[in-house]
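Undergrad: Encoded as C-alpha cells, here's the structure I'll be asking about.
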Amino acid sequence: MVDPKQISTISDWLGSGSINIFGLPFAGKDDQTNRLAKLFNGPKIGSGDIFRAGITPEIKSYFDKGALMPSSLFVEMVLPYLSQPSLQGKSLLLSSVGRWYGEEDGVMEVLKESNHPLKAVIYLVVSREDALMRLNKSKDLKDRGDREDDDEKLLETRFEEFEQKTMPVIDHYRQLGLLIEIDATKSREQVQSDILDQLELRAKQQ
C-alpha cells in the first residue's frame with residue numbers, strides 16, 4: 001500500500017527533476033520506471049523505446065546483436081528528446097538513459113539545462129542467474145512482445161555490454177552521490193517499496 005504522505009514528500013523534492021534507473025537485463029527497470037511514472041505523474045522515457053520508435057536498418061543491426069547503440073546515435077536521437085517543450089514542468093522517469101560510459105555527462109547537462117535536474121540514480125541489483133531465469137519466465141508468459149534482443153544467445157552479449165560499458169556509468173553516479181542500490185530479487189511490490197523508502201530518505205536529507 002502506497003503512503004500518500006510519502007509520495008507527497010518525494011514529489012515535492014523531485015519537482016520537475018529526473019530519476020534514472022539502471023540494472024542488468026530483466027532486473028525490472030521498465031516495470032519500476034512505469035510504476036514511478038504513475039506515482040509521480042511524469043513520462044517514462046527509455047532510450048531503447050526511442051530507438052525502437054525510430055528504427056532503421058542500422059539500429060536494428062545493433063538490437064540483433066544485443067549490443068548498445070553507439071554514442072553518436074544516442075546523442076543524435078535521445079538527448080534532444082529529453083529537452084522537448086512538451087516535457088516542461090514534468091518529472092522525468094528514465095529507464096537506463098545513457099548506458100555507455102561518457103554519455104552520463106551529456107545526460108546530466110541536457111537535463112539540467114531543460115530544468116529536469118537528475119535527482120537520483122537507482123541501480124536494481126540482480127545476478128546473471130536471476131536475469132536468465134526471468135528471461136525464460138518471460139518467454140513462457142509472453143509479456144514483453146517481440147523484442148529483438150530477448151534471446152538467450154544474446155543475453156551473454158548484453159551482460160558483457162553492461163559490465164564493460166554501463167557499470168562505469170553507475171560507478172560515476174556513485175562517486176557523485178546520486179546512486180541508490182536496490183535488491184531487485186524481491187517481489188515487484190517490495191522493490192517499489194524499497195525504492196520509495198530510499199527516495200523519501202533522500203528527500204528528507206536535502
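The values are calculated or read from the model by the stated rules, or taken from the named source; none is laboratory data. In this text the structure is predicted, and so the values were computed from the model without any measurement. Cβ sites come from the backbone with ideal geometry, for glycine too, and all protein chains shown count toward neighbours.
Undergrad: Can you tell me which residue among ASP197, ASP105 is surrounded by fewer than 18 Cβ atoms within 10 Å (Cβ to Cβ), at pLDDT 95 or above and in contact with a His (Cβ under 9 Å, 6 or more places away or on another chain)?
TA: None of the other options fit; the residue is ASP105.
Undergrad: If you don't mind, another one. Take the conditions modelled with pLDDT of 90 or more and under 17 Å from the mean Cα position of the chain (by Cα) and apply them to LYS119. Does it pass?
TA: Criteria met by LYS119.
Undergrad: Taking region 152-184 as the search range and keeping residues that are of a type in the set (Phe, Trp, Tyr) and surrounded by 17 or more Cβ atoms within 10 Å (Cβ to Cβ), which one is nearest to LEU132 (Cα to Cα)?
TA: Ranking the qualifying residues of region 152-184, first place goes to PHE162.
Undergrad: Does any residue in region 42-57 that is more than 17 Å from PRO25 (Cα to Cα) come within less than 7 Å, Cβ to Cβ, of a residue that is part of a helix (DSSP H, G or I) and aromatic (Phe, Trp, Tyr) six or more places away or on a different chain, and which pairs are these?
TA: ILE50/TYR81
Undergrad: A further question follows. Within region 14-62, restricting attention to residues that are more than 24 Å from GLY177 (Cβ to Cβ) and of a type in the set (Phe, Trp, Tyr), which residue is surrounded by the most Cβ atoms within 10 Å (Cβ to Cβ)?
TA: PHE26
Undergrad: Has region 59-81 got any residue that is over 19 Å from THR166 (Cβ atoms), not in a helix (DSSP H, G or I) and not β-branched (Val, Ile, Thr)?
TA: Scanning region 59-81, I find no residue that is over 19 Å from THR166 (Cβ atoms), not in a helix (DSSP H, G or I) and not β-branched (Val, Ile, Thr), so the answer is no.
Undergrad: Which residues, taken from region 26-58, are β-branched (Val, Ile, Thr) and assigned to a loop (DSSP other than H, G, I, E, B)?
TA: So in region 26-58, the residues β-branched (Val, Ile, Thr) come out as 33, 45, 50, 55-56.
Those that are β-branched (Val, Ile, Thr) and assigned to a loop (DSSP other than H, G, I, E, B): ILE55, THR56.
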